[in-house]
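Here's the structure we're looking at; comments come further down.
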Amino acid sequence: MPVRNTPRLRLLPLSREMIERRLERAEFTLDDQGPEGEWTVHFGPEWPGDALAIFPALLRELTTSGRAEAATTFVAVGRGDGEAIGQLGAKGEPDAAGDLEIGYGFGPESWGQGYATEAVAALCDFLRGMDGVRRLTAQTATGNAASGRVLEKTGFVRVGTGWTADDGDLILWAWGPQ
């Protein structure tokens, strides 16, 4: 899967090597070859945040399938400093109606700077071009107004409410045909 560039970020496909390294140690670097040449990506101990809990299952899935990368999951890396600041992607495959849920998380050091909006817009452009995708969906905790603003800025609209044991009350969002 190709690297996706935005004005300030590179969205690197989440690789099996990244997952393995993160499960082995809290902080590491990887060399990457991109359109501008070789560069080093630094993964700090806070990366990937809450997504770390799904890494063992994702690693098993990649290993079993023989794939080197997750098909629709990216690491957001600052183009200026090579720092991994977040992760974003699709949660599974489109359902029978063509709905595909996205998720994203960014480290607190990058909040309020527009990085999430920039990255989510690029992710959505990529996912909208996939076969079988009719509509993108997302969920935000009601107490997470900043995440809701990211979705609004990228064209999502509120379509309902929900609840989960992990996040409590949720706002449901969609981009595309209602």
Taking amide H positions as placed 1.01 Å from N in the peptide plane, with prolines and chain starts having none, which residues 5 or more places from residue 79, or on another chain, fall under 5 Å of its amide H? 9, 10
Using just the helices of the chain, give the 222 nm mean residue ellipticity in deg cm²/dmol: DSSP H runs with n ≥ 4 each add -39,500 (n - 2.57), and the total is spread over all residues, rounded to 500. -7500 deg cm²/dmol
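What order, most packed first, do the peptides 81-94, 152-165 have when packing is the mean number of other Cβ atoms within 10 Å of each residue? Display every interim value, and only then the final one.
Details: 81-94: 18.6, 152-165: 13.1.
Top to bottom by mean Cβ count within 10 Å: 81-94, 152-165.
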For segment 157-170, in order, what is each residue's ³J(HN,Hα) by Karplus, 6.51 cos²θ - 1.76 cosθ + 1.60 with θ = phi - 60°, in whole Hz (x at glycine and Pro)? 10, 5, 10, x, 10, x, 7, 9, 5, 6, 10, x, 5, 10
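Restricting to Cα pairs below 8 Å that are 6+ residues apart, what does the relative contact order work out to for segment 1-143? Please round to a whole percent. Don't skip to the answer; put the middle values down first.
Details: 230 pairs, mean separation 33.4, N = 143.
This gives 23 percent for segment 1-143.
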Would you work out the charge dipole size for the chain about its Cα centre, treating the Cβ of every Lys and Arg as +1 and the Cβ of every Asp and Glu as -1, and quote it to the nearest 20 debye? 420 debye
Would you tell me the accessible area of residue 110, worked out with a 1.4 angstrom probe on the heavy atoms of the protein chains, in Å² to the nearest 10? 10 Å²
Express in whole angstrom the spacing between the alpha-carbon centres of segment 15-67 and segment 149-174. 28 Å
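The values are calculated or read from the model by the stated rules, or taken from the named source; none is laboratory data. Because the structure is predicted, anything quoted here is derived from the model rather than measured. All Cβ positions, even for glycine, are placed from backbone atoms using ideal geometry, and neighbour counts span all protein chains on display. Ligands, DNA and RNA are excluded from the accessible area calculation, which covers all protein heavy atoms including side chains. Shrake-Rupley method; radii C 1.70, N 1.55, O 1.52, S 1.80 Å.
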